[in-house]
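The structure appears right after this line, and notes come after that.
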Amino acid sequence: MGIYRDHVLPRLVDRACGTPELQRWRRRVATGLSGDVVEIGFGSGLNMPAYPPEVTTVYAVEPSGTARRLAEERVEQSTIRVEHVALRGESIPLDDECCDGVLSTFTLCTIPDVEMALTELTRVLKPGGRFHFLEHGLAPDDGVADWQRRIEPFQKRLADGCHLTRRPDALVEAAGFVVERVEARYGGGPKPWTWFTEGFAVKPG
């Protein structure tokens with residue numbers, strides 16, 4: 001599992017999550033971010049082309065060395081400064097209330113202690129700062145949700161802990177953010193993996 005997790009899986013994720021359809025989702029969810037942004041689950045830098053010009057710095061949180069290497073070309077092609085600051089979302093070495101925004105795309109599904117990671121994001125975000133997220137999760141249709149529950153144990157093994165049954169909007173709200181807007185619908189592909197939730201939230205001031 002070490003070679004697969006460390007070298008093969010990041011390349012599979014780069015391909016699977018880098019489709020033109022998902023790039024359109026990424027551009028939409030990144031709209032409205034500005035200033036210094038923490039991106040949790042930076043991965044192979046697929047969000048770099050999606051960031052608006054108002055973003056000046058991205059503080060990247062990413063555990064995979066292979067993913068960080070895959071990101072190098074996308075980082076070099078961008079005018080935005082990228083600083084890799086942490087391997088795990090549960091511990092981010094940034095000062096309190098130092099960032100203007102947070103971006104998470106297809107990441108909250110995988111973090112082992114997602115509540116702790118959201119607590120860290122709350123800590124580093126300024127009051128009034130924005131949290132934009134695009135995640136897959138538990139579908140509202142009983143038949144699809146039943147399949148998600150059946151598949152999830154295998155999904156976690158094959159995708160390094162990725163859950164199919166988390167509800168990202170509920171997690172963000174439980175962490176103390178004020179969710180301003182949520183849009184959820186199926187994307188292209190098999191339904192157990194493609195119930196996508198796009199959300200915009202704010203840290204109370």
Please state which one of R130, R181, R157, R149 is surrounded by 20 or more Cβ atoms within 10 Å (Cβ to Cβ) and either in a strand (DSSP E or B) or free of Cβ contacts under 8 Å to residues at least 24 places away in the same chain (or both). R130
In segment 1-39, which residues are within 22 Å of L125 (Cβ to Cβ) and either among the β-branched types (V, I, T) or in a loop (DSSP other than H, G, I, E, B) (or both)? V29, T31, G32, L33, S34, V37, V38
Of everything in segment 106-121, what is more than 15 Å from Y59 (Cβ to Cβ) and assigned to a helix (DSSP H, G or I)? Give them in sequence order. V114, E115, M116, L118, T119
Of the listed residues (T79, T107, T119, T66), the one being out of contact with any helix residue (DSSP H, G or I) (no Cβ under 6 Å at 6 or more places or on another chain), of a type in the set (S, T, N, Q) and either open to solvent by less than 20 Å² (accessible area, probe 1.4 Å) or at pLDDT below 95 (or both) is T107
Do any residues in segment 10-36 that are over 15 Å from V202 (Cα atoms) and free of Cβ contacts under 8 Å to residues at least 40 places away in the same chain have Cβ atoms under 8 Å from those of residues that are surrounded by 14 or more Cβ atoms within 10 Å (Cβ to Cβ) and not charged (D, E, K, R), where the two are at least six apart or on different chains, and which pairs are they? G18/S44; G18/L46; Q23/L46; Q23/A50; R27/A50
When only residues in segment 42-63 that are closer than 19 Å to D6 by Cα and crowded, with 20+ Cβ neighbours inside 10 Å count, which is nearest to the chain's Cα centre (by Cα)? F42
For residues that are assigned to a helix (DSSP H, G or I) and in contact with a Lys or Arg (Cβ under 6 Å, 6 or more places away or on another chain), scanning just segment 40-55, find the one that is nearest to R69 (Cα to Cα). M48
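Of all residues in segment 184-205, count the ones that are loosely packed, with under 12 Cβ neighbours inside 10 Å and closer than 21 Å to R150 by Cβ. Quick ask: steps written out before the conclusion?
Taking segment 184-205 and keeping what is loosely packed, with under 12 Cβ neighbours inside 10 Å, we get 185, 188, 190, 204-205.
Then keep just the ones that are closer than 21 Å to R150 by Cβ; that gives 190.
Of the residues in segment 184-205, 1 are loosely packed, with under 12 Cβ neighbours inside 10 Å and closer than 21 Å to R150 by Cβ.
Does A117 count as farther than 23 Å from R28 by Cα, aliphatic (A, V, I, L, M) and under 14 Å from the mean Cα position of the chain (by Cα)?
yes
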When you look at D96, is it part of a helix (DSSP H, G or I) and open to solvent by 40 Å² or more (accessible area, probe 1.4 Å), yes or no? no
Of the residues in segment 28-40, those that are surrounded by 14 or more Cβ atoms within 10 Å (Cβ to Cβ) and either more than 14 Å from the chain's Cα centre (by Cα) or more than 22 Å from A86 (Cα to Cα) (or both) come to R28, V29, L33, S34, G35, D36
Regarding E83, is this residue assigned to a helix (DSSP H, G or I) and of a type in the set (D, E)? no
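Could you list, in sequence order, all residues of segment 160-178 that are of a type outside the set (G, A, S), within 17 Å of D113 (Cβ to Cβ) and open to solvent by 70 Å² or more (accessible area, probe 1.4 Å)? Show your work before the answer.
First, pick out the residues of segment 160-178 that are of a type outside the set (G, A, S): 160, 162-169, 171-173, 177-178.
Of the ones still in play, those that are also within 17 Å of D113 (Cβ to Cβ) are 160, 162-163, 165-168, 171-172.
If the condition is that a residue be of a type outside the set (G, A, S), within 17 Å of D113 (Cβ to Cβ) and open to solvent by 70 Å² or more (accessible area, probe 1.4 Å), then D160, R167 are the ones that fit.
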Number of the exception - R69 against (1) free of Cβ contacts under 8 Å to residues at least 24 places away in the same chain; (2) not in a helix (DSSP H, G or I): (2)
Mind telling me which of the residues P140, P168 ends up being in contact (Cβ under 8 Å) with a residue 40 or more places away in the chain and in contact with a Gly (Cβ under 6 Å, 6 or more places away or on another chain)? P168
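The values are calculated or read from the model by the stated rules, or taken from the named source; none is laboratory data. Everything numeric in this text was worked out from a predicted model, so none of it was measured. Ideal geometry is used to build each Cβ from the backbone, glycine not excepted, and the neighbour counts take in all protein chains shown. Accessible surface areas use protein heavy atoms only, side chains included; no ligands, DNA or RNA. Shrake-Rupley method; radii C 1.70, N 1.55, O 1.52, S 1.80 Å.
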